[in-house]
Amino acid sequence: MEANQEKIFEEKLAKGLKIEPKDWMPENYKKQLIRMISQHAHSEIVGMLPEGNWITRAPSLRRKSILLAKVQDEAGHGLYLYSAAETLGIDREELLDQLLTGKAKYSSIFNYPSLNWADIGAIGWLVDGAAIMNQTMLARGSYGPYSRAMIRICKEESFHNRQGYELILSMAKGTKEQKEMAQDALNRWWWPSIMMFGPPDDMSPNSADLVKWRVKLESNDELRQRFIDRTVPQAEFAGLVVPDKDLKWNAERGHYDYGKINWDEFFSVIKGNGPCNIERLNTRQKAHNDGAWVREAAMAYAAKQRKTVAA
Ligand code: BYC
């Protein structure tokens, strides 16, 4: 029986069809998806913090409304993704508990601080840019609810990316001080952004399964290279310098060669020792505790509604 179900599962994958929540799937496929989708959801939620930090200090009403809309979008992405994870039979409360107790991972990038207004541009340009590169691939992945969530998320991320580049461009073309701020933001966000794609392929233990199951259609290094190839000309157009002295166009490969990534820093950040890990977790815990009354009120209201319907 199971051998037959596995055959149907494999055939679906081979034909590029989607696997849906009620379909049979190997336990490890389910486990890997819960790990990845929940980490992704947590990243969207924690990812609101570095930008949320600047909403009250946006330099104009236009910039403030753009930033508010963006941060709100990230909350929405987190909610879709928790819903997508729930289709695999795990409870949202359990996932939130994993985040709040520090057991779950979320993207390394959000453990870096946003120090000046140009960082808001750098996040949209680089962080959302890297996220889209990865997520347009995930939108073609095999698990229906996750891949479909990616379609809307990518559309919104594309707006995020463009507003970020437009902000950086206007600062880079502005006063001397503004240009220095834009360059400083690029200097600090460049390396963490290219680390977002995950460890190099030969140090990526989950890739083999995820590629076999068509959740990931490209490798961490392939996506990283594509991001670098796309982003370096954008930096040049803005008159900014990518902080990598080994960065060089390689005509033979048709790609940029780039310098050594500090993987010790990456692994230290994902173990909880980045500049902002403790602060991010404390902020999420406080938000969760402060919101207890909202959850209680919603539950009380639902119970009241049930009683009315039953009567
Ligand atoms: N940060 O075997 P590997 C956004 C972990 S948010 C932390 O290559 P995999 C936004 C990895 O989990 C969008 N940990 O893993 C929001 C694994 O540990 P475990 C963020 C990382 O899964 C607000 C170990 O390292 N995007 O756009 O094959 C404002 C070995 O790695 C990271 C997503 O979440 C990392 N960067 O590949 C602005 C995309 N990288 O679990 C913007 C969804 C690796 O075995 N996720 N690790 O203990 C993915 O696409 C994949 O999970 C990854 C990693 C490419 C990230």
Residue list for segment 242-298, restricted to those being out of contact with any strand residue (DSSP E or B) (no Cβ under 8 Å at 6 or more places or on another chain) and of a type in the set (D, E): D244, E252, D264, E265, E279, D290, E296
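Taking N220, is it in contact with a Pro (Cβ under 7 Å, 6 or more places away or on another chain), under 17 Å from R35 (Cβ atoms), within 13 Å of the ligand (Cβ to nearest atom) and of a type outside the set (K, R)? Spell out how you get there, then give the answer.
Numbers: in contact with a Pro (Cβ under 7 Å, 6 or more places away or on another chain): yes; under 17 Å from R35 (Cβ atoms): yes; within 13 Å of the ligand (Cβ to nearest atom): yes; of a type outside the set (K, R): yes.
When the stated conditions are applied, N220 passes them.
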Unmet requirement for S114, which otherwise passes all of (1) part of a helix (DSSP H, G or I); (2) in contact (Cβ under 8 Å) with a residue 60 or more places away in the chain; (3) crowded, with 18+ Cβ neighbours inside 10 Å; (4) of a type outside the set (F, W, Y): (1)
Where M150 falls short, out of the listed (1) crowded, with 20+ Cβ neighbours inside 10 Å; (2) closer than 29 Å to P21 by Cβ; (3) in contact (Cβ under 8 Å) with a residue 40 or more places away in the chain: (3)
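Report whether or not A149 is assigned to a helix (DSSP H, G or I), at pLDDT 95 or above and under 16 Å from Q234 (Cβ atoms). Talk me through it step by step, then tell me what you get.
Details: assigned to a helix (DSSP H, G or I): yes; at pLDDT 95 or above: yes; under 16 Å from Q234 (Cβ atoms): no.
Criteria not met by A149.
Of all residues in segment 188-197, which are of a type outside the set (V, I, T) and either near the ligand (Cβ under 10 Å from one of its atoms) or in contact with a Leu (Cβ under 9 Å, 6 or more places away or on another chain) (or both)? Explain how you work it out, then say what you get.
Within segment 188-197, the first condition is being of a type outside the set (V, I, T), and the residues that meet it are 188-193, 195-197.
R188, W189, W190, P192, S193, M195, M196, F197 - these are the residues of segment 188-197 that are of a type outside the set (V, I, T) and either near the ligand (Cβ under 10 Å from one of its atoms) or in contact with a Leu (Cβ under 9 Å, 6 or more places away or on another chain) (or both).
Which helices (runs of 4 or more DSSP H) sit wholly inside segment 204-282 and have at least 2 residues that are more than 30 Å from K30 (Cβ to Cβ)? Full working, then the answer.
Numbers: elements: 207-212, 220-237, 263-268.
Result: 220-237, 263-268.
Out of the residues in segment 31-64 that are part of a loop (DSSP other than H, G, I, E, B) and under 17 Å from G274 (Cβ atoms), state the one that is farthest from the ligand (Cβ to nearest atom). Steps first, answer last, please.
Here is the first cut: in segment 31-64, the ones part of a loop (DSSP other than H, G, I, E, B) are 47, 53-54, 58-60.
Still in the running and under 17 Å from G274 (Cβ atoms): 47, 53.
Details: G47: 2, N53: 12 Å.
So the residue we want is N53.
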Residue match in segment 19-27 (condition: part of a helix (DSSP H, G or I), more than 18 Å from L115 (Cβ to Cβ) and aromatic (F, W, Y)): no
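Could you tell me which residue of segment 77-98 is nearest to the ligand (Cβ to nearest atom), considering only residues that are free of Cβ contacts under 8 Å to residues at least 40 places away in the same chain and under 23 Å from S142 (Cα atoms)?
First, the residues of segment 77-98 that are free of Cβ contacts under 8 Å to residues at least 40 places away in the same chain: 78-79, 86, 91-94, 97.
Now narrow it down to the ones that are under 23 Å from S142 (Cα atoms): 78-79, 86, 91-92.
Numbers: G78: 8, L79: 13, E86: 17, D91: 19, R92: 17 Å.
If we take residues in segment 77-98 being free of Cβ contacts under 8 Å to residues at least 40 places away in the same chain and under 23 Å from S142 (Cα atoms), then G78 is nearest to the ligand (Cβ to nearest atom).
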Count - residues of segment 99-115 that are away from the ligand (no atom under 11 Å from the Cβ), under 14 Å from V46 (Cα atoms) and not small (G, A, S): 5
Count - residues of segment 223-248 that are without any contact (Cβ under 8 Å) to a residue 12 or more places away in the chain and surrounded by 13 or more Cβ atoms within 10 Å (Cβ to Cβ): 0
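What's the total number of residues in segment 116-153 that are touching a Pro at 6+ places or on another chain (Cβ under 8 Å) and near the ligand (Cβ under 10 Å from one of its atoms)? Quick ask: steps written out before the conclusion?
The first filter runs over segment 116-153 and keeps only residues touching a Pro at 6+ places or on another chain (Cβ under 8 Å), leaving 117, 119, 123, 144-145.
Filter again for near the ligand (Cβ under 10 Å from one of its atoms), leaving 123.
Looking only at that region, the number is 1.
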Single unsatisfied condition, E180 versus (1) near the ligand (Cβ under 10 Å from one of its atoms); (2) in a helix (DSSP H, G or I): (1)
Members of segment 124-183 found to be touching a Leu at 6+ places or on another chain (Cβ under 7 Å) and among the polar types (S, T, N, Q), listed by number: N134, S142, S147, Q183
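In segment 198-217, what residues are surrounded by 22 or more Cβ atoms within 10 Å (Cβ to Cβ) and either more than 9 Å from the ligand (Cβ to nearest atom) or not β-branched (V, I, T) (or both)?
Taking segment 198-217 as the starting set, the residues that turn out to be surrounded by 22 or more Cβ atoms within 10 Å (Cβ to Cβ) are 215-216.
Passing the criteria: only K216.
The values are calculated or read from the model by the stated rules, or taken from the named source; none is laboratory data. Predicted model, so just to flag it, every value in this text is computed and none were measured. Backbone-built Cβ (ideal geometry, glycine too); neighbour counts: all protein chains shown.
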